[in-house]
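As structure tokens, the structure follows; a few thoughts come after it.
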Amino acid sequence: MSNRPLVILLLSLLLIAVPVAGELQDPTRPPAASRPQLSPLPGDSPTWTLNATLVSPARRVAVINGQAVGEGEMIGGARLIRVAPETAILRQGGNEFTLRLAAAGKSFNKTILEEKK
């Protein structure tokens, strides 16, 4: 018996599977991380959402708009100044913005934005 039909079948399945595998998304990645990050337009109030924070002796990271940002790094034209367990402070120009995680039981996409001048 020839193995040729089996080889053709396996190659056909492989050719079908490769494009499908390219469309798979990482299930552990936050949904917003796959979307492009938009900077606020001049004159618009900035839109940042604090999704999560990581505070440890080794590092402090905030997930803002689905993007991991370390203290001192930039996001959307603002610099991340400080990360605490439930807040992150951004500085843009002369203004500081405090982002807060939503209260327990509410959506993490609802962030309270406080502006200090």
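Just so it is clear, none of the values below were taken in a lab; they were calculated from the coordinates. Note that the coordinates shown come from a computational prediction; the quantities given were computed from them, not determined experimentally. Neighbour counts run over all protein chains shown; Cβ positions are idealised from the backbone, glycine included.
Data table
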{"quantity": "Simple label model, 7 Å out from Cα along Cβ direction - Ala84 to Ala58, nm", "calculated": "2.5 nm"}
{"quantity": "Charge sum, other residues only, whose C-beta stays under 13 Å from Thr53's C-beta, Lys/Arg counted +1 and Asp/Glu -1", "calculated": "+2"}
{"quantity": "Most to least packed among 58-64, 2-8 [average Cβ atoms within 10 Å]", "calculated": "58-64, 2-8"}
{"quantity": "Fully extended contour minus Cα-Cα distance, from Arg4 to Asn95, at 0.36 nm per residue", "calculated": "25.8 nm"}
